[in-house]
Ligand code: F0G
């Protein structure tokens, strides 16, 4: 058997690359599609998790970043820039290192998880904490990329979407066809756009006989698409999707409408419950934003909106290690014991 080569080499014929494109990769993609027992029981469906936290920098962003950085390198760029709630910046920072490029990142001050900040720092990117939210960061990044010689690697860059669509290919390749429903969290709305593109291409070209219904979930305090207007001051504990004016808004609505899907909101309470259920019942540790997909599926099932017997895939977008605060807080503090088997056994309820 051979090692997975990364999404560009694995899906080269379906991506806008040429023989001349310098492939910058950390061998992203090829992530696990894990059957979810508890979620399947609770919904009466066949539920799978697409575990994107298994990517090299711990999120799905690597799929788009291998494309964006390879493309920027081919164009001769020496520096890249992005706005981020944390994962895009972590990914850009790592891939820029591989490409020998300078990476600048703009993040909302005080609103990104510590693990993600650590990634951007350790990979040597230039970090600016912006006194504003993600939407302000993106406005700033776009302006800088227009005026200065730096390539913008946010998902407004169409090659990012091209890379991210490979997750849909992997799911169809694994299951033999598209699922009935695909569920994912929605922030800047690039990923739902990318999956929909991937599923449509596979249905048009033969590997799939159909496309799934696309179900997206935003955090209730940051749900502009659900509300139908931008949210000026978005709030949610799921910092990755704390976005009030998504760049791919109209593409997300198109994915919803063309697929016969839905985009709805889940509360922070529902997100945290799903986050804990994924860890405690499925053995999959994700970051809070990632749990929005599962929270949405569970809420829909409880409302009787999920017909049993369907095949459903939930993308869980980022690794729980990036933002462990929510795992630690709210959990009982571990007790300290002496080096003594009897005492340890007593505390463990073994004696
Ligand atoms: N889940 C995680 C863990 C994310 O980091 C993001 C987006 C999303 C979901 C939503 O995906 O934006 O394509 O709808 N994070 C971006 C970032 C905004 O800067 O890392 P989307």
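The values are calculated or read from the model by the stated rules, or taken from the named source; none is laboratory data. Keep in mind that what you see is a predicted model, and the values were worked out from it rather than measured. No Cβ is skipped: glycine too gets one built from the backbone with ideal geometry, and neighbour counts run over all protein chains shown.
Taking residue 258 as the residue in question, decide whether it is closer than 17 Å to residue 190 by Cα and either at pLDDT below 95 or touching a strand residue (DSSP E or B) at 6+ places or on another chain (Cβ under 9 Å) (or both).
yes
Only residues that are surrounded by 21 or more Cβ atoms within 10 Å (Cβ to Cβ), assigned to a helix (DSSP H, G or I) and within 12 Å of the ligand (Cβ to nearest atom): list them for region 228-278, please.
Once the filter is applied, which keeps residues that are surrounded by 21 or more Cβ atoms within 10 Å (Cβ to Cβ), assigned to a helix (DSSP H, G or I) and within 12 Å of the ligand (Cβ to nearest atom), region 228-278 yields 239, 240, 241, 252, 255, 271, 275.
Being modelled with pLDDT under 95 and farther than 25 Å from residue 153 by Cβ is true for just one of 228, 221, 206. Which residue is that?
After applying the criteria, what remains is 206.
Cβ contacts < 9 Å: first residue farther than 20 Å from residue 288 by Cα, restricted to region 204-232; second residue assigned to a strand (DSSP E or B) and away from the ligand (no atom under 16 Å from the Cβ), any location; separation 6+ or different chain. Result?
212/181; 212/311; 212/312; 213/181; 214/181
Can you tell me which of (1) more than 13 Å from the ligand (Cβ to nearest atom); (2) touching a residue at least 24 places away in the same chain (Cβ under 8 Å) is the one residue 286 doesn't meet?
(1)
Which of the residues belonging to region 155-199 are outside any loop (DSSP other than H, G, I, E, B), buried (at least 18 other Cβ atoms within 10 Å of the Cβ), away from the ligand (no atom under 16 Å from the Cβ) and in contact (Cβ under 8 Å) with a residue 40 or more places away in the chain?
Scanning region 155-199 gives 169, 170, 171, 181.
Out of all the residues in region 200-210, which are surrounded by fewer than 24 Cβ atoms within 10 Å (Cβ to Cβ) and not in a helix (DSSP H, G or I)?
206, 207, 209, 210
Determine, yes or no, whether residue 149 is surrounded by fewer than 22 Cβ atoms within 10 Å (Cβ to Cβ) and more than 13 Å from the ligand (Cβ to nearest atom).
So residue 149 passes the test.
For region 214-224, enumerate the residues that are within 10 Å of the ligand (Cβ to nearest atom) and part of a helix (DSSP H, G or I).
Within region 214-224, none qualify.
How about region 1-83: which helices (runs of 4 or more DSSP H) wholly inside it have at least 2 residues that are surrounded by fewer than 17 Cβ atoms within 10 Å (Cβ to Cβ)?
Here the list reads 37-43.
Name the single residue that is farthest from the ligand (Cβ to nearest atom) among those in region 312-351 being in a helix (DSSP H, G or I) and free of Cβ contacts under 8 Å to residues at least 40 places away in the same chain.
Among them, the one singled out is 342.
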